[in-house]
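The next block holds one structure in the form of structure tokens; read it before the comments.
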Amino acid sequence: MLIPLFPLPQFVLFPGQVVPLYVFEPRYRTLLARVQQSGEAFGMPQILTPSTEDPRPLEARLSMIGTLAHLREVAPHEDGTSSITVVGGERFRIQHLVTDQDYLCAEVELLPLQADDDAHSDTILRALSNRLVTDLLRMRPDDREAIVHHAPPEPLLLASFASALLPLSGEERQQVLEAPSLTERLETLVSFVPVPARDLN
């Protein structure tokens with residue numbers, strides 16, 4: 001599966017997340033024109049280190065695991081730039097980078113989360129989900145109503161929701177994305193909750 005890449009620094013897209021982006025670089029304008037015409041998704045891996053700190057080419061500074069971005073809305077501007085909205089889809093692993101165009105492309109394989117084999121996995125997921133919501137409410141009491149109203153009931157989407165609210169570094173977000181299973185993703189998020197906000201019961 002060959003896809004174009006739109007990497008960003010300190011940014012990780014999660015499944016189900018709806019994110020606004022601003023497309024201004026000529027190479028990504030070309031990428032946008034391609035995906036508008038083809039209807040394909042593009043990949044969003046994280047740029048792990050900035051060029052100011054790491055002189056290696058862009059392709060050497062990318063995470064190898066990213067998320068497919070599905071184009072939802074495009075608002076073109078008179079200067080040729082565009083405001084777009086994307087929604088996060090499937091996770092992927094980069095197999096091989098292709099550098100023969102203005103923007104990076106990659107051969108990728110989809111990387112679904114591993115199934116939880118534990119017979120009590122549903123109970124564990126519910127417990128972790130409840131704890132994560134409780135921790136978010138403790139951490140952000142002023143946003144209680146919004147969190148209660150918008151927190152998704154599905155553990156996968158709740159993990160994505162929590163990833164947007166927790167004060168995570170790019171490295172921590174990448175660690176959450178790369179967790180092998182949904183249980184481990186939720187456990188990783190719970191471990192990143194600031195200590196004063198944790199439900200220790």
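All but one of (1) assigned to a loop (DSSP other than H, G, I, E, B); (2) more than 14 Å from the chain's Cα centre (by Cα) hold for residue 13; state the number of the condition that does not hold.
Residue 13 satisfies all of (1) assigned to a loop (DSSP other than H, G, I, E, B); (2) more than 14 Å from the chain's Cα centre (by Cα) except (2).
What number of residues within segment 152-186 are under 18 Å from residue 44 (Cβ atoms), part of a loop (DSSP other than H, G, I, E, B) and open to solvent by less than 40 Å² (accessible area, probe 1.4 Å)?
2
Would you be able to say whether some residue in segment 72-82 is under 21 Å from the mean Cα position of the chain (by Cα) and free of Cβ contacts under 8 Å to residues at least 40 places away in the same chain?
yes
Just one of 1, 44, 64 is over 24 Å from residue 173 (Cα atoms) and out of contact with any Cys (no Cβ under 9 Å at 6 or more places or on another chain); which is it?
Working: 44 fails: over 24 Å from residue 173 (Cα atoms); 64 fails: over 24 Å from residue 173 (Cα atoms).
Exactly one of 1, 44, 64 is over 24 Å from residue 173 (Cα atoms) and out of contact with any Cys (no Cβ under 9 Å at 6 or more places or on another chain), namely 1.
The values are calculated or read from the model by the stated rules, or taken from the named source; none is laboratory data. Here the structure is a predicted model, which is why all the values come from computation and not from measurement. Virtual Cβ from ideal backbone geometry, glycine too; neighbours counted across all protein chains shown. The area values use the complete protein model at the heavy-atom level, side chains included, leaving out ligands, DNA and RNA. Shrake-Rupley method; radii C 1.70, N 1.55, O 1.52, S 1.80 Å.
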